[in-house]
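To start, the structure itself, in structure tokens.
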Amino acid sequence: MEGNEYAFIPLIERKDLSADVIALLNQEWPRSEASRENSLLKSMNASPPMSFVMVKRNTGRLVGHARLCPLLSDERGCWIESVIVSTDMRNRGLGRIIMQHLENAARNYGFKKCYLSTEDKRPFYEKCGYECCEPVLNAGSNSVLLNNPKLRKLFAEVEQNELKYDATKGPRKRL
């Protein structure tokens, strides 16, 4: 599968695909359209938290989506969520291409570590180089609403306290 057949771009540059993104996300994780639209609007930015789309270059068809969000408790870390490939385009290596583009975007925004949460797709993320780690405090696309220095400090303190007591593991990758 040739990666250059596809473009990986911020959703803010293709707002016309918003309804298609909502439909794609709801195929895998059903929510009301209003709730999904509200969440998507919070990540329709030119910097994290931001949604990306993968489109087929020759048709402009949406084939995938992913979201990159800053972590409030760790300025060097980011949260990856809502990674999805259209069901009819799966098993062609597109998920791995999305992850590579997303990791490059994370580096470009200065992030040093990527975190995510999964149960059913764990083998896929392990093949992408992710490994289990201690849990992190994540606000997803709501991070833009909570981003101020006092809250960042509070979240960092809460996370440190929680890590002392919680040994649950979740995937992460150092960039």
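The values are calculated or read from the model by the stated rules, or taken from the named source; none is laboratory data. Every value quoted in this text rests on a predicted model; they were computed, and no experiment measured them. Note that each Cβ is placed from the backbone with ideal geometry, even for glycine, and that neighbours are counted across all protein chains shown.
The single condition from (1) touching a Ser or Thr at 6+ places or on another chain (Cβ under 7 Å); (2) surrounded by 14 or more Cβ atoms within 10 Å (Cβ to Cβ) that Gln27 fails is (2).
Checking Asn26, Asn108, Asn104 one by one, the residue that is without any contact (Cβ under 8 Å) to a residue 12 or more places away in the chain and closer than 24 Å to Glu134 by Cα is Asn104 and no other. Just one residue in the set Ser47, Ser51, Ser43 is in contact (Cβ under 8 Å) with a residue 40 or more places away in the chain, farther than 18 Å from Arg90 by Cβ and in contact with a Gly (Cβ under 9 Å, 6 or more places away or on another chain); that residue is Ser43. With respect to the conditions (1) surrounded by 19 or more Cβ atoms within 10 Å (Cβ to Cβ); (2) within 15 Å of the chain's Cα centre (by Cα); (3) β-branched (Val, Ile, Thr), Val63 falls short on a single one, namely (2). Checking the condition touching a Lys or Arg at 6+ places or on another chain (Cβ under 7 Å) and among the polar types (S, T, N, Q), which residue from Ser18, Ser82, Ser39, Ser86 passes? The unique qualifying residue is Ser82. Screening Glu157 with (1) at pLDDT below 90; (2) over 27 Å from Met44 (Cβ atoms); (3) touching a Pro at 6+ places or on another chain (Cβ under 9 Å) gives one miss only, at (3). When we screen Asp166, Asp88, Asp74, Asp120 for residues that are modelled with pLDDT of 95 or more and on the phi < 0 side of the Ramachandran plot, the only hit is Asp88.
Could we say that Leu137 is outside any helix (DSSP H, G or I), at pLDDT below 90 and surrounded by fewer than 14 Cβ atoms within 10 Å (Cβ to Cβ) here? It is false that Leu137 is outside any helix (DSSP H, G or I), at pLDDT below 90 and surrounded by fewer than 14 Cβ atoms within 10 Å (Cβ to Cβ). Taken together, the residues in segment 73-108 that are touching an Asp or Glu at 6+ places or on another chain (Cβ under 6 Å) and not in a strand (DSSP E or B) amount to 1.
For segment 97-132, the set of residues classified as within 13 Å of the chain's Cα centre (by Cα), under 23 Å from Glu5 (Cα atoms) and of a type in the set (D, E, K, R) consists of Glu103 only.
Going by the structure shown, is Tyr109 modelled with pLDDT of 95 or more, among the aromatic types (Phe, Trp, Tyr) and more than 22 Å from Arg31 (Cα to Cα)? Criteria met by Tyr109. Scanning segment 109-134 for residues that are within 20 Å of Met54 (Cα to Cα) and either assigned to a loop (DSSP other than H, G, I, E, B) or of a type in the set (A, V, I, L, M) (or both) returns Tyr109, Leu116, Lys121, Cys128.
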